[in-house]
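Here is the structure we will look at, set down as structure tokens.
The values are calculated or read from the model by the stated rules, or taken from the named source; none is laboratory data. Quick caveat: nothing in here was measured; it's all calculated off a predicted structure. No Cβ is skipped: glycine too gets one built from the backbone with ideal geometry, and neighbour counts run over all protein chains shown. In case anyone asks, the SASA skips ligands and DNA or RNA and just uses the protein heavy atoms, side chains included. Shrake-Rupley method; radii C 1.70, N 1.55, O 1.52, S 1.80 Å.
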Amino acid sequence: MSETTTFTVTGEVRNGCVDTETIVITVNELPAIGITADITEFCIGGSVVLTATDAVDFTWAGDVVDGDAFSPEATATYEVMTTGDNGCENTATIEIIVNALPEVVILGESAICIGDELTLTASGAEDYTWEGEVVDGESFSPEATASYTVSGVDENGCINTATLEVVVNELPIVTAAADVEEICIEGSIILTGSGADTYTWDNDVVNGVSFSPERSGTYTVTGVDRNGCEASARIDITVNALPEIAITADEDEICFGESVTLTAAGEGTITW
């Protein structure tokens with residue numbers, strides 16, 4: 001449909017003569033065109049189908065193919081153009097919102113020792129779902145190296161996942177040894193740990209350094225390996241008391257040339 005409007009102009013000169021002129025302007029309507037979308041907002045990785053409406057002949061800007069699904073990587077405005085029989089052009093536009101996926105991360109230790117507790121916590125989204133029996137923020141004790149995966153959903157309903165491998169290291173096999181396990185009081189002994197990298201003994205014992213224990217007892221060594229894992233071992237050391245021995249003389253004061261009888265008494269074998 002078109003509308004026409006007549007415009008008239010009047011001109012008058014100095015001698016009083018007047019003349020008029022008219023012109024008819026035709027205003028043609030723009031051709032109808034519109035856009036429909038099966039979805040106008042989604043998460044990155046999704047797809048949309050754009051379809052032009054109300055026009056038979058049209059041209060999309062960019063790489064859009066009418067009625068074909070495609071996956072935009074960012075929010076954008078799409079335009080389609082048509083030309084009517086009267087030569088007039090018209091366009092329609094639509095904005096498609098593409099929401100980014102949440103940046104989901106897992107917070108927690110990536111290496112522990114067997115027997116230790118592990119706490120995994122997800123962040124970067126609103127709600128989380130863990131695979132397996134992991135509960136967000138609650139400790140547990142894994143028995144072997146494994147990978148843990150969580151899915152996070154943000155306020156737009158977009159979902160992303162994160163995976164963390166947790167290495168579970170075995171404990172070192174620590175042993176405790178002594179150069180001798182039974183000594184007499186005032187004797188010395190050397191205690192040595194093995195199976196780890198560093199060693200700490202109780203009772204102020206220094207690994208590989210001799211000392212003189214005053215009584216029998218159990219000594220414990222804790223060994224730590226390169227992974228920070230530790231284990232302990234014990235060893236019993238016997239400290240024997242010295243035998244009680246005494247010497248008596250039939251005379252404790254004599255003259256030169258006289259004799260004296262000495263007698264020893266005590267435990268075990270006596271040697272003069």
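For this structure, a couple of remarks:
- Subset of segment 71-92 that is under 19 Å from Glu41 (Cβ atoms) and in a loop (DSSP other than H, G, I, E, B) - its residue that is least open to solvent (accessible area, probe 1.4 Å): Pro72
- Hits in segment 185-213 (condition: of a type in the set (Gly, Ala, Ser) and assigned to a loop (DSSP other than H, G, I, E, B)): Gly187, Ser188, Gly195, Ala196, Gly208, Ser210, Ser212
- Inside segment 62-109, residues that are within 22 Å of Ile33 (Cα to Cα) and not β-branched (Val, Ile, Thr) make up a count of 20.
- Only a single criterion out of (1) under 24 Å from Glu29 (Cβ atoms); (2) in a strand (DSSP E or B) is not satisfied by Val98, namely (1).
- Any chance Ser232 is under 30 Å from Gly115 (Cα atoms) and touching a residue at least 40 places away in the same chain (Cβ under 8 Å): yes
- Residue in segment 48-60 that is nearest to Asn90 (Cα to Cα), counting only those that are open to solvent by less than 60 Å² (accessible area, probe 1.4 Å) and hydroxyl-bearing (Ser, Thr, Tyr): Thr53
- Test: residue in segment 243-250 that is part of a loop (DSSP other than H, G, I, E, B), in contact (Cβ under 8 Å) with a residue 24 or more places away in the chain and more than 12 Å from Thr175 (Cα to Cα): yes
- Candidate set: segment 157-184, residues that are assigned to a loop (DSSP other than H, G, I, E, B) and open to solvent by 30 Å² or more (accessible area, probe 1.4 Å); chosen: the one farthest from Arg226 (Cα to Cα): Gly157
For every residue, the table says whether it meets (1) exposed (fewer than 11 other Cβ atoms within 10 Å of the Cβ); (2) within 34 Å of the chain's Cα centre (by Cα).
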{"residue": "Thr220", "(1), (2)": "no, no"}
{"residue": "Gly223", "(1), (2)": "no, yes"}
{"residue": "Ser232", "(1), (2)": "no, yes"}
{"residue": "Val239", "(1), (2)": "no, no"}
{"residue": "Pro243", "(1), (2)": "no, no"}
{"residue": "Ala246", "(1), (2)": "yes, no"}
{"residue": "Ala249", "(1), (2)": "no, no"}
{"residue": "Cys255", "(1), (2)": "yes, no"}
{"residue": "Thr261", "(1), (2)": "yes, no"}
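Conditions (1) closer than 18 Å to Asn99 by Cβ; (2) surrounded by fewer than 17 Cβ atoms within 10 Å (Cβ to Cβ); (3) out of contact with any strand residue (DSSP E or B) (no Cβ under 6 Å at 6 or more places or on another chain), marked per residue:
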site	(1), (2), (3)
Ile112	no, no, no
Gly115	no, yes, yes
Ser123	no, yes, no
Gly132	no, yes, yes
Gly137	no, yes, no
Ser141	no, yes, yes
Ala144	no, yes, no
Thr149	no, yes, no
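- Selection of segment 35-70 for residues being of a type in the set (Gly, Ala, Ser), closer than 14 Å to Ile97 by Cα and part of a strand (DSSP E or B) yields only Ala37.
- Residue match in segment 181-195 (condition: in contact with a Cys (Cβ under 6 Å, 6 or more places away or on another chain) and of a type in the set (S, T, N, Q)): no
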